[in-house]
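> Let me begin by handing over the structure; questions about it come next.
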Amino acid sequence: MTQLGNDAVTVETRGNVMLVTINRPEARNAVNRFVHEGVGDALEAADADPEIRCVIVTGAGDKSFCAGADLVALSRGESLTPDDKAKQAWGFAGIVSHAISKPVITCVNGTALGGGLEITLACDLAVAVDSAQFGLPEPKRGLFAAAGGVFRLPEQLPKKIAMEMILTGDPITAQRALELGLVNAIAPREALLDTAFALAARITVNAPLSVQASKRMALGIVDGKVARDEAAWAQNRAEAKIVFTSEDSREGPKAFAEKRAPVWKAR
């Protein structure tokens, strides 16, 4: 396997499992172009390597799994995606529209708000530390969860609960996420990674080609794409043009920075 990882993402293999860690704890593991490229490259390598049978994606540190987009990088005019068009197609964090045949487990080591929850939704299975929180707070900032959150959450939770989370922006606890089936297991911090690897072991003991075909059929993956998601992504792009160019989308972050209530204008 070629050398993987960079300063923002570490990659290691343990037996037949690849562990991918977003390694920016000082920035709450926020996603910049190097996270996007590091995670995406790791997934590509895992899918091409017959020895890898499962992938675990986690975050460094003990506070945040992923805080979403790196707003500091954006404020400096930096892109959050690599220049390579093929890598841009992987979606936010190199993962949200990057369908591979190998099972992917999210190991949520802290808060998973916004993009952190959207990464979790993009994965096949999830385990979480018992203190984790999950939410899509974008409407509180004049934005919306444009990395798959608004159409995937209603698919993975009871619709009314998903709509409550989407429309209020309020988070739920790890225990509630477990009860609702958003995660497969929760664990205390000291047992979290072992819990993820134990789940992976229950997968890797099975016939690899059978597992991969089963995943492709279950999700409708053809040539690395989930066909039934394409219409949602197209609508997502159209809505993003409206929301992210609005006055409210500028007012939300500004009000947050100024520690005041936003004044919405619906324009």
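The values are calculated or read from the model by the stated rules, or taken from the named source; none is laboratory data. Given the structure is predicted, the values throughout are model-derived calculations rather than measurements. Here the Cβ is made from the backbone with ideal geometry for all residues, glycine too, and neighbour counts use every protein chain on show. These accessible areas exclude ligands, DNA and RNA; they are computed on the full protein's heavy atoms, side chains included. Shrake-Rupley method; radii C 1.70, N 1.55, O 1.52, S 1.80 Å.
> Could you give me the residue pairs with C-beta distances under 7 Å whose first residue belongs to segment 169-194 and is closer than 11 Å to VAL127 by Cβ and open to solvent by 60 Å² or more (accessible area, probe 1.4 Å), whose second residue is at pLDDT 95 or above and among the aliphatic types (A, V, I, L, M) wherever it lies, and which are 6+ apart or on separate chains?
ASN184/LEU125; ASN184/ALA126; ASN184/VAL127; ASN184/LEU199
> Also: Only one of LEU136, LEU117 is in contact with a Gly (Cβ under 9 Å, 6 or more places away or on another chain), of a type in the set (A, V, I, L, M), under 22 Å from VAL55 (Cβ atoms) and without any contact (Cβ under 8 Å) to a residue 40 or more places away in the chain; which?
On inspection, the qualifying residue turns out to be LEU117.
> With ALA207, ALA213 as the choices, which residue is surrounded by 12 or more Cβ atoms within 10 Å (Cβ to Cβ), aliphatic (A, V, I, L, M), under 24 Å from GLY15 (Cβ atoms) and at pLDDT 95 or above?
On the way: ALA207 fails: surrounded by 12 or more Cβ atoms within 10 Å (Cβ to Cβ).
After ruling out the rest, the residue left standing is ALA213.
> Also: ASP62: without any contact (Cβ under 8 Å) to a residue 12 or more places away in the chain, assigned to a loop (DSSP other than H, G, I, E, B), among the acidic types (Asp, Glu) and open to solvent by 10 Å² or more (accessible area, probe 1.4 Å), yes or no?
Values: without any contact (Cβ under 8 Å) to a residue 12 or more places away in the chain: no; assigned to a loop (DSSP other than H, G, I, E, B): yes; among the acidic types (Asp, Glu): yes; open to solvent by 10 Å² or more (accessible area, probe 1.4 Å): yes.
Against the criterion (without any contact (Cβ under 8 Å) to a residue 12 or more places away in the chain, assigned to a loop (DSSP other than H, G, I, E, B), among the acidic types (Asp, Glu) and open to solvent by 10 Å² or more (accessible area, probe 1.4 Å)), ASP62 does not qualify.
> Taking GLY94 as the residue in question, decide whether it is of a type outside the set (Asp, Glu), modelled with pLDDT of 95 or more and on the phi > 0 side of the Ramachandran plot.
On the way: of a type outside the set (Asp, Glu): yes; modelled with pLDDT of 95 or more: yes; on the phi > 0 side of the Ramachandran plot: yes.
Taking the combined requirement at face value, the residue satisfies it.
> Suppose we keep only residues that are of a type outside the set (Phe, Trp, Tyr) and touching a helix residue (DSSP H, G or I) at 6+ places or on another chain (Cβ under 7 Å) within segment 237-265. Which one would you say is modelled with the lowest pLDDT? Please lay out each step first, then the result.
First, the residues of segment 237-265 that are of a type outside the set (Phe, Trp, Tyr): 237-243, 245-255, 257-263, 265.
Cutting the leftovers down to touching a helix residue (DSSP H, G or I) at 6+ places or on another chain (Cβ under 7 Å) gives us 243, 249, 252-253, 261-263, 265.
Details: VAL243: 93, SER249: 88, GLY252: 87, PRO253: 81, ALA261: 91, PRO262: 91, VAL263: 92, LYS265: 93.
Out of the qualifying residues, it is PRO253.
> May I pose another question? So if I check each of THR2, THR10, which one is farther than 17 Å from HIS98 by Cα, open to solvent by 10 Å² or more (accessible area, probe 1.4 Å) and either at pLDDT 95 or above or not polar (S, T, N, Q) (or both)? I'd like the intermediate steps shown before the answer.
Values: THR2 fails: either at pLDDT 95 or above or not polar (S, T, N, Q) (or both).
Exactly one residue qualifies, and that residue is THR10.
> Mind checking whether some residue in segment 65-75 is open to solvent by 30 Å² or more (accessible area, probe 1.4 Å) and in a strand (DSSP E or B)?
So far as segment 65-75 goes, yes, one or more of its residues are open to solvent by 30 Å² or more (accessible area, probe 1.4 Å) and in a strand (DSSP E or B).
> Here's another thing I want to ask about it. Which condition breaks for LEU43 when tested against (1) assigned to a helix (DSSP H, G or I); (2) more than 17 Å from the chain's Cα centre (by Cα); (3) over 20 Å from ALA67 (Cβ atoms)?
It fails just one condition, (2).
> Out of (1) under 16 Å from the mean Cα position of the chain (by Cα); (2) open to solvent by less than 10 Å² (accessible area, probe 1.4 Å), the odd one out for ILE52 is which?
Result: ILE52 passes all but (1).
> If GLU118 passes every condition in (1) modelled with pLDDT under 95; (2) closer than 22 Å to LYS63 by Cα; (3) among the charged types (D, E, K, R) but one, which one does it miss?
The single condition GLU118 does not satisfy is (1).
> Taking the condition of a type outside the set (D, E, K, R), over 30 Å from ILE203 (Cβ atoms) and touching a Ser or Thr at 6+ places or on another chain (Cβ under 7 Å), does LEU71 pass?
No; evaluated as a whole, the condition is false for this residue.
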